[in-house]
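Heads up, the thing below is written out as structure tokens.
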Amino acid sequence: MPNFKYQIAFQDPQTEKDTEAPGKVRQFLNGLHRGHGDERGELMVEKNIVESVGNPKRSKFMSEEDLDYFAKEFERNGFHGPLNWYKTGKVNYEDEKEYCASSRSRRYQLLRC
């Protein structure tokens, strides 16, 4: 069964602060971009997600060149924008729930909601 607790952690302002510490961007990206069989930290937490992912090695999922690029960009720009998407979940729900209620087709409603 899917677990979406990471979305709660992404809404926590502390997550953004934690990723600003030296070396934490690379650690966070390594923890998020892991593949099957890779070293695992805990992602399904409501707080302290940067600490919870641990300090895994680079995943086979992402090349060293890609990791360097994304780490450099997130170190330069931060995670403020990407994490804000998770903070707007309730606002988006309120804005879009009328579309689900007004849907004429049950199949269409399941696809949209």
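Okay, here's what the table says:
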{"read-out": "Hits in the stretch 46-69 (condition: of a type outside the set (D, E, K, R) and either assigned to a loop (DSSP other than H, G, I, E, B) or touching a strand residue (DSSP E or B) at 6+ places or on another chain (Cβ under 6 Å) (or both))", "value": "Asn48, Val53, Gly54, Asn55, Pro56, Ser59, Phe61, Met62, Ser63"}
{"read-out": "Leu29 vs. criteria within 24 Å of Thr88 (Cα to Cα), hydrophobic (A, V, I, L, M, F, W, C), surrounded by 14 or more Cβ atoms within 10 Å (Cβ to Cβ) and modelled with pLDDT of 90 or more", "value": "yes"}
{"read-out": "In the stretch 70-105, residue farthest from Lys24 (Cα to Cα) [restricted to those that are among the basic types (Lys, Arg) and in a helix (DSSP H, G or I)]", "value": "Lys97"}
{"read-out": "Subset of the stretch 49-72 that is polar (S, T, N, Q) and modelled with pLDDT under 85 - its residue that is surrounded by the fewest Cβ atoms within 10 Å (Cβ to Cβ)", "value": "Asn55"}
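The values are calculated or read from the model by the stated rules, or taken from the named source; none is laboratory data. Computed from a predicted structure; not experimentally measured. Backbone-built Cβ (ideal geometry, glycine too); neighbour counts: all protein chains shown.
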